[in-house]
1. Inspect all residues belonging to the range 273-289 and state whether any of them is over 17 Å from LEU369 (Cα atoms), crowded, with 22+ Cβ neighbours inside 10 Å, in contact (Cβ under 8 Å) with a residue 24 or more places away in the chain and within 12 Å of the ligand (Cβ to nearest atom).
2. State whether the residues of the range 234-252 include one that is open to solvent by 40 Å² or more (accessible area, probe 1.4 Å) and within 19 Å of the chain's Cα centre (by Cα).
3. Do any helices (runs of 4 or more DSSP H) lying entirely in the range 365-481 carry at least 2 residues that are touching a strand residue (DSSP E or B) at 6+ places or on another chain (Cβ under 7 Å), and which ones are they?
4. Any residue in the range 388-413 that's within 16 Å of PRO262 (Cβ to Cβ): show its pairings with residues that are acidic (Asp, Glu) and surrounded by fewer than 18 Cβ atoms within 10 Å (Cβ to Cβ) at Cβ separation under 8 Å, as long as the two are six or more apart or on different chains.
5. Which of the following residues is surrounded by 18 or more Cβ atoms within 10 Å (Cβ to Cβ), at positive phi and in contact (Cβ under 8 Å) with a residue 60 or more places away in the chain: GLY33, GLY53, GLY27?
6. Which pairs do you get when a residue that is open to solvent by 60 Å² or more (accessible area, probe 1.4 Å), found in the range 219-231, comes within reach of a residue that is part of a loop (DSSP other than H, G, I, E, B) and not basic (Lys, Arg), reach meaning Cβ atoms under 6 angstrom, with the pair 6+ apart or on two chains?
7. When you scan the range 336-355, how many residues do you find that are without any contact (Cβ under 8 Å) to a residue 60 or more places away in the chain and within 30 Å of PHE121 (Cβ to Cβ)?
8. If PRO446 meets every condition in (1) buried (at least 17 other Cβ atoms within 10 Å of the Cβ); (2) touching a residue at least 24 places away in the same chain (Cβ under 8 Å) apart from one, which number is that one?
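The values are calculated or read from the model by the stated rules, or taken from the named source; none is laboratory data. Computed from a predicted structure; not experimentally measured. Methodologically, a virtual Cβ is constructed for each residue, glycine included, from the backbone with ideal geometry; neighbour enumeration extends over all protein chains shown. Accessible surface areas use protein heavy atoms only, side chains included; no ligands, DNA or RNA. Shrake-Rupley method; radii C 1.70, N 1.55, O 1.52, S 1.80 Å.
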Amino acid sequence: MTEHISYVSTRDPDAIEITYSEALLAGLAPDKGLYVPTQIPSLNDAEIRSLVGMPYTKVFHTVNEKFVGNDIPRKDHARLTEAAFRSDKFPDAIEGNITPVEEVADGILIQELSLGPTAAFKDMALQPLGQHMNYVLSRKNESLRILGATSGDTGSSAEAAMKGLSGVSLTMLSPATGMSPFQKAQMAELSGGNIQNISVNGRFDDCQAMVKALKMQPEFADLGAVNSINWGRVAAQVPYYVYGYLQAVDGNINKPVDFVVPSGNFGNVLAGHIARKMGAPIRNLIVATNENSVIDTLIQTGVYRRPSEAYVTSSPSMDITVASNYERVLVDIFPDDPAKVKAYMQVFEQKGEVSFEEFGVPNDILKQLGFMSGQSSHADRLDSIRWAHQNGRLIDPHTADAVTVARKIRAERGDDNTPIVCMSTALPVKFESTMHEALGCTPIRPKRFIGLEERTKTLSDFDIINPGDSSTLASFVRNHR
Ligand SMILES: *Cc1c(COP(=O)(O)O)cnc(C)c1O
């Protein structure tokens, strides 16, 4: 029997409980908090041991189901899991392993999370999220319109996951400039049917502001979300930490492991934190940032400070000013005290800066919880891409941020034999110009991406709107099925 599990908003003092499927369709809570489980389910040693040598689908089913509870019957959950990770969606899986872990050198390992349809780790969560949403909606005989904004990888990944599903339609805003031609082409290829692409004459922040503004209108209040504030995404990322762990220790299941996670919105690393709370023997979760180092500063100093704007970097999927999912860690810092979480977030939202100290919490609390951090520059990225290449491995610029931090920590710690696993969040093929700058050549494309830009040239362009033009956006969304 699966256990019952329920969810509450991080900011709700009345702790109004909802189910997994309600959290899945809701996105943000009405009080602007994020949904978190009332209790973290546990994964005991015997269960971890029983997963040694099992395929990813088995690990996913076992771990993810604990967050779904009895909301989706077991055999349906198993079927949706098979559909999400079907082998034709992961054509480059290695002997059926869709997220393999391999050592590069010096005890630094890489977990490849980017073998899915759009070559970014977001597929690992969005594929099952699409299946779960569609299942829950069709059972209720309902449909859901989703509006999202992307700076790059979320767009195509969400579209690939939702394409053709009868219960959902997706409208995605993307900035007219800033995305790579490859990323635009990936989205263009998915346009049509239940997928609508709109290009905003501005930047990612403009897209996001338009999504927020539209959702404030009563008519659009029930639009769904696919960004990483959706609990369904976090829950779908926890299993790959368990699976990565098992590979890194090669069956020796009491041995600890460190993970280094290239971070933007803090969704990926939060899933690692949840896996650790469940009982996976993860020692440190090491957050790697690029020049947008908000979270590095937070972990090192206890001060969460929003910069006035994000730097444009060569690991663009991490170019953020705020890390929304970080709010979910606050429930461990202010246990059973949602009013404190709310007050802390309000100080941040109003002043653009907040410290633990002003809430009576030690400034190194995140370190005490097992987080570490570091940052990487453009030059560091190029250096780590070359280092990995010399050791026989191609890595993308985001993964290079993680590898940079892993190498620094490895050097500082000396001979610590705890494996350090870097999460690979995209394939190098998505960022050809930086790869060329580092190595003097571009990576060979996986077969499915050969000729991508050429074959999408003939497809119709995205609809274009101006920043702030919410009435045109409203009519696009209204007229989309
Ligand atoms: C989205 C993304 C990230 C950041 O992940 P978060 O969950 O937002 O921290 C890192 N790398 C790549 C390639 C991404 O697409």
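1. Yes - at least one qualifying residue is present in the range 273-289.
2. Scanning the range 234-252, I find no residue that is open to solvent by 40 Å² or more (accessible area, probe 1.4 Å) and within 19 Å of the chain's Cα centre (by Cα), so the answer is no.
3. Values: elements: 365-368, 378-390, 397-413, 432-439, 452-457, 470-479.
Here the list reads 397-413, 470-479.
4. Here the result reads ARG393/GLU102; THR404/ASP383; ARG407/ASP106, each pair linking the range 388-413 to a residue that is acidic (Asp, Glu) and surrounded by fewer than 18 Cβ atoms within 10 Å (Cβ to Cβ).
5. It is GLY27.
6. none
7. First, the residues of the range 336-355 that are without any contact (Cβ under 8 Å) to a residue 60 or more places away in the chain: 336-337, 340, 343-344, 346-355.
Going one step further and asking which of them are within 30 Å of PHE121 (Cβ to Cβ), we end up with 344, 348-349, 352, 354.
Looking only at that region, the number is 5.
8. PRO446 satisfies all of (1) buried (at least 17 other Cβ atoms within 10 Å of the Cβ); (2) touching a residue at least 24 places away in the same chain (Cβ under 8 Å) except (1).
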